[in-house]
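Just below is one structure, and these are the notes that go with it.
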């Protein structure tokens, strides 16, 4: 799910408002090295890292993590990522967690507070995109308006019972749009859908429409 932001780095700016989350409008977005390893033998890598420049609010870093299940160890990792990124780039970092199920999304959205009970030294407030706050796109016309966002909707709702309708909308939009971009998104979706049965459904849809 995080790799789709490498294919379409501005996708986050279109997806977050769908969930009621607003960030300054970007003027430029750059992919950055995801390696956060220090000299000591401790390797830590954020999934995807973007530098976002804006016209009025300066620049910031967007660290994107795909989370498939609850993992208490990630709370320490995310805190480390943000602190390290801030020290390395001297830019304010923002953490975006993308999930495919509501339970994990709800867990990931909880603030992370570090410090004794009488004082919070560090607080992390992750932004989260998941099936509970990102609307499913089931209208082919709407899907055709933004293929990247529609593809992300498919990946986000990959465990949703309504997935066949979401896949059908995107398949229709891709066939109607045509061109190399549509082919690239079709391949990306097939790779991104991990379940063999869902992949088979997607291949059958594309074969039917083409």
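The values are calculated or read from the model by the stated rules, or taken from the named source; none is laboratory data. All values reported here derive from a predicted model rather than from experimental measurement. Positions of Cβ are generated from backbone atoms using ideal geometry, with glycine treated the same way; all protein chains shown enter the neighbour counts.
Observations on the structure shown:
- Here residue 120 meets each of (1) closer than 22 Å to residue 13 by Cα; (2) surrounded by fewer than 14 Cβ atoms within 10 Å (Cβ to Cβ); (3) in the same structural domain as residue 65 (by TED's automatic domain parsing) with one exception, condition (1).
- Scanning segment 89-116 for residues that are assigned to a helix (DSSP H, G or I) and either in contact with a helix residue (DSSP H, G or I) (Cβ under 8 Å, 6 or more places away or on another chain) or surrounded by 13 or more Cβ atoms within 10 Å (Cβ to Cβ) (or both) yields a count of 7.
- Count - residues of segment 11-32 that are closer than 15 Å to residue 55 by Cα and surrounded by 14 or more Cβ atoms within 10 Å (Cβ to Cβ): 5
- The one condition in (1) in contact with a helix residue (DSSP H, G or I) (Cβ under 9 Å, 6 or more places away or on another chain); (2) modelled with pLDDT under 95; (3) part of a loop (DSSP other than H, G, I, E, B) that residue 29 fails to fulfil: (3)
- In this structure, residue 131 does not qualify as loosely packed, with under 14 Cβ neighbours inside 10 Å and either out of contact with any strand residue (DSSP E or B) (no Cβ under 7 Å at 6 or more places or on another chain) or at pLDDT below 95 (or both).
- Positions within segment 187-205 being surrounded by 18 or more Cβ atoms within 10 Å (Cβ to Cβ) and either over 18 Å from the mean Cα position of the chain (by Cα) or more than 22 Å from residue 3 (Cα to Cα) (or both), in sequence order: 198, 202, 205
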